[in-house]
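S.K.: Here you go, one structure.
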Amino acid sequence: MKKFFLLIIIIIIAYGCASTDDLTIIHRNMAGIEKELNDLKEQSNKRIDAVSKDNMAIKKQIADLSLLLNTNEEKIKSLTGKIEALEFQLKTFYQETKSELNALKKPVETKIEEAKKPDDKNYELRYKEAFDLFQKKMYNDAIKKFSEFIASYSGTPLIPNAYYWLGECYMGIKDYEMAILNFNEVIQKYPKSEKAPRALLSQADAFFYLKEKENAIIALKKVKELYPKSEEAIIAERKLKQF
């Protein structure tokens, strides 16, 4: 633009068509136009810089929001799984309590020697004492009671339950190795017991806490394989997806 005006001035001077005053006015106008162009360029650069900064800020906000959404999604999945597991545990606990109460009302149908009858009459009461201690989270006392029950009443129908709750007592005090051993008693000796699929599921949890991931996976797969129609199999499937 500046070169264009200079060319006009040179032409005007060359042909003598303008006075000194005219040239002064032209030069002043040209300077004004040049200043406006520079101001406009400066404003444009500032706007470009501002837009660029805003764009970077927006990109960062989008990235932060995306990360937050992903984190929240994982937390929601984890919480959903825990809620479902707790719901099942509550249901199981309710059924267990109901089962224990029903068991107390039913007569014992078992063949026992006459000499043992006086002691065996009390096996349901002894079991209830141990189970009550477990409910109160008095795990060490419950371990002692369940162990005594198993030693004294090995032929009674509540032995699988006693082994299972003994395992849960050890889970309560974080002795996962002993928990695994007692769950295994249910799994191996009483595979048709209602406690067997739950024992496998709890055994998988114990392996997980011991950081034995492969054994935990094997236990969960066994739940699905041996008890495919059980509620425990549904939980096992969900837990396998989390590994």
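The values are calculated or read from the model by the stated rules, or taken from the named source; none is laboratory data. Every value quoted in this text rests on a predicted model; they were computed, and no experiment measured them. With ideal geometry, Cβ positions are generated from the backbone for all residues, glycine too; neighbour counts draw on all protein chains shown.
S.K.: For Glu185, which of the numbered conditions (1) over 31 Å from the mean Cα position of the chain (by Cα); (2) of a type in the set (Asp, Glu); (3) crowded, with 16+ Cβ neighbours inside 10 Å fails to hold?
M.R.: Of everything listed in (1) over 31 Å from the mean Cα position of the chain (by Cα); (2) of a type in the set (Asp, Glu); (3) crowded, with 16+ Cβ neighbours inside 10 Å, Glu185 misses just condition (1).
S.K.: Next question. Out of all the residues in segment 178-185, is one or more within 30 Å of Leu125 (Cα to Cα), in contact (Cβ under 8 Å) with a residue 12 or more places away in the chain, in contact with a helix residue (DSSP H, G or I) (Cβ under 6 Å, 6 or more places away or on another chain) and in a loop (DSSP other than H, G, I, E, B)?
M.R.: no
S.K.: Return the only residue of Lys174, Lys144 being part of a loop (DSSP other than H, G, I, E, B) and assigned by TED's automatic domain parsing to the domain that holds Lys128. Break it down stepwise before answering.
M.R.: On the way: Lys144 fails: part of a loop (DSSP other than H, G, I, E, B).
Residue meeting the stated conditions: Lys174.
S.K.: Name the residues in segment 186-208 that are over 17 Å from Leu220 (Cα atoms) and part of a helix (DSSP H, G or I), would you?
M.R.: Lys189
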